[in-house]
Amino acid sequence: MDWVYRQRYGPEWGSGGVFGLTYHKGVLYYTLSMEAEAHFTRDDGYERVYRFELVGPGPASGGDTYNAVETVDEYIYFGGWVHAPAVFKGKRGFIGEIDFRNKYSHLHEYSVYEDRVRLLWSDSIHHEYEWAGEVSSIIYDRVNDELLLARADGTRNLGVYRVSRSSGRAEQVSSTPSLKGALFQEYPCFDIQPNWQRGVDGVQCIDPYSRRVLEYRVDNWASISVDGYGVEMRTSGYALSAYTRYWHFFRGGLIVGNPIEPDIHSPVFVRLLDFGKTPYGPLRTNPMELAGGLLVVFNSYTHGYLHPPFKTPEELEKVSISNWVSGPTVLLYITPPTARIVMALGARVTSMIKKKNGIVLGTNTEPNLGGLDASPIDTGTRMLVEIPEHVLLTAQSPPIVFKVHGSAIGDNAFGGVPLTGYRDPELRIKASLGNKLEIVEYDIGLPPSRLSEVVYEVKPGVNKIPLRDFKNIVSFRLEKQDPSALIHIVLE
C-alpha cells in the first residue's frame, strides 16, 4: 500500500482525502477520495483496490468524504457517493464545474473472509446540477439486523434510511435530513440538520422496537450552554456514545447528554474551539475511543471557497472568511472533566483508526471547495501517518497559537480553548477601540460546570491578558463589536 497520494485524476471540488479508515479482522480499509478507490490491505501485505465499477463505468471520482463505514461480523460496509463515470465540464476562465448526472449515492459490502465486494444499494436522480443525498453515516441496528444511513448532503432523497443487509432494499425512516450519528445504547441517533448553513438543530433517535422517531430539538442554544451564550453555523461533524451519554460534535463545540430521556442527563452545549465564521471545526473526520477516553479531531481547513457565482459584497466577504486559517488541526483527548490538546497537525485529518498498538491517521493539505471551484484533479497531498498510541496518551500539550479576526466573531462568544497542560497561556488583543472582555471558565465534566467568570478592560492598541490562573476550558466575548480587532490565543 502507498502512504502518500499526491495530485491525481479525480474531478471534483478541491480535494477529498483518506476516508473511512477501519481495521477489521486483519484488514485495513479506506477509500481514497477524490480518485474513488476503496483499498483493502491485509496484514500479510495483500491489497485489493476496488474502483466502483459495480456502480458504473470509469474513470470514476469521489467515493466517500464523510467516513461512512460500519463493521458487522466478517463484513465491512462502506458508503458515500461516486461519479461513475466522472464528467468534468471544463474551465470558463478560472471557473470549473462538474456534471452531476452520473453521481450516485452508494452502499457496498466487503467480505473479509471471501475478499469480495458487493454493491448493496445505490441511488441517483441523474440531474445536471442536483444530486441524491450522499451516504454520510452508517449505523448497524443490532436489534433489527439492518443498516441505517444518514443523508443530508444533497438536494433530494434526504433523511434517515434503513437498508436490508440481505436484499439491499431501502426505506425512509425519517424525512428530516441528517449528516452524522452514532449508536446510543441500542438506539441509533442522528443529528437534525434541515438547513446545512444553520447546522444542527437537535438530535433524532430511532426506537428499534416501535420504529418511532424520537426528537430532541434545541430552540435556544444559549439556554443549554455551559458558558451562557449561543452558537451559530453548527455544521455537523461526528458523534459517539460514552459515559452513558450521547456526544455530538459540530462547528463551535458539542452537545452531550441523553436526548432520549433528557430528564436523566439533560443535554448541554459545550463551546469548544469556536472561532466564529471560519471553517475551523470537527468536520469531515471521525472520533474514536482510546483507553476509555475520547480522541477527537478539530480540523483547521476543511472547507474553502474561491469563486462565488455573483461576486456580491456578501459573497466576497464569505470567500475571505471561509479561507482564513485560525490555527492548526488539533487532536483532543477527553477524559471528563478535562479536555487536553495532545497533538497539533496541518490542514486536516480526514480519518483515523486504532490498528494494534498504533493510531493510523489520514491527512490532507487541502480543503474541499465550492461548486465553481472544480478541477480535473484532486488538488491535495493525502497521507497515511501511524502514531504509537502511547505517544498520544502521554503527550505534553504542544505550543499553539490561534488567530481570530474581530470581523469573524462580532459580539458573539468565541474560544472554548482547553488550557489543561499549559503553564503560561496568554490572550493578546490588538483593539481599535475601548472595550470589555468577558472570560468564562468551565469544564467538560458530566455534567459540565461553569466555574468562574472575569471581565477585563480592553484599551485601544495591544492588550496582553495572562490566562495562567485558568486551568480548564475558557471562552471569551467582547462587549462591543470590533471588526478590526486581531486576537491571538497563545498556548505555551
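The values are calculated or read from the model by the stated rules, or taken from the named source; none is laboratory data. Note that the coordinates shown come from a computational prediction; the quantities given were computed from them, not determined experimentally. Every residue, glycine as well, gets a Cβ built from its backbone with ideal geometry; the counts of neighbours run over all protein chains shown.
For this structure, a couple of remarks:
- The sole residue among Leu345, Leu372 that is closer than 23 Å to Gly237 by Cα and either without any contact (Cβ under 8 Å) to a residue 40 or more places away in the chain or among the aliphatic types (A, V, I, L, M) (or both) is Leu345.
- Leading residue by the ranking (nearest to the chain's Cα centre (by Cα)) among those in the stretch 289-309 that are surrounded by 20 or more Cβ atoms within 10 Å (Cβ to Cβ) and farther than 24 Å from Arg245 by Cα: Thr302
- Among residues of the stretch 66-86 that are more than 17 Å from Asp115 (Cβ to Cβ), those with a beta-carbon under 6 Å from a residue that is among the acidic types (Asp, Glu) at least six positions away or on a different chain give the pairs Gly80/Asp64; Trp81/Glu134.
- Qualifying residues in the stretch 109-127 (those that are closer than 20 Å to Asp153 by Cβ and free of Cβ contacts under 8 Å to residues at least 40 places away in the same chain) - the one surrounded by the most Cβ atoms within 10 Å (Cβ to Cβ): Ser124
- Annotation: of all residues in the stretch 55-64 being assigned to a loop (DSSP other than H, G, I, E, B) and touching a residue at least 40 places away in the same chain (Cβ under 8 Å), the one that is nearest to Leu28 (Cα to Cα) is Asp64.
- Exactly one residue out of Phe52, Phe78 is modelled with pLDDT of 95 or more, part of a loop (DSSP other than H, G, I, E, B) and touching a Gly at 6+ places or on another chain (Cβ under 8 Å): that is Phe52.
- Top-ranked residue of the stretch 81-105 - restricted to ones that are among the aliphatic types (A, V, I, L, M) and not in a strand (DSSP E or B), ranked as farthest from Ser136 (Cα to Cα): Val87
- Annotation: of all residues in the stretch 195-226 being small (Gly, Ala, Ser) and surrounded by 12 or more Cβ atoms within 10 Å (Cβ to Cβ), the one that is farthest from Leu183 (Cα to Cα) is Ala222.
- Looking only at the stretch 170-211, and only at residues there that are in a loop (DSSP other than H, G, I, E, B) and polar (S, T, N, Q), the one that is nearest to Leu294 (Cα to Cα): Gln185
- Condition check for Ser375: farther than 13 Å from Leu295 by Cα and part of a loop (DSSP other than H, G, I, E, B): no
- Residue in the stretch 161-171 that is crowded, with 19+ Cβ neighbours inside 10 Å and more than 17 Å from Trp121 (Cβ to Cβ) present: no
- Considering the stretch 410-432, the residues that are at positive phi and touching a Lys or Arg at 6+ places or on another chain (Cβ under 6 Å) include one that is surrounded by the fewest Cβ atoms within 10 Å (Cβ to Cβ), namely Gly421.
- Enumeration of residues in the stretch 383-408 that are over 30 Å from Pro483 (Cβ atoms) and either touching a Lys or Arg at 6+ places or on another chain (Cβ under 8 Å) or assigned to a loop (DSSP other than H, G, I, E, B) (or both): Glu386, Glu389, Ala395, Gln396, Ser397, Pro398
- In the stretch 384-395, the residues that are closer than 19 Å to Met1 by Cα form Cβ pairs under 7 Å with partners that are polar (S, T, N, Q), at six or more places apart or across chains, as follows: Val385/Thr363.
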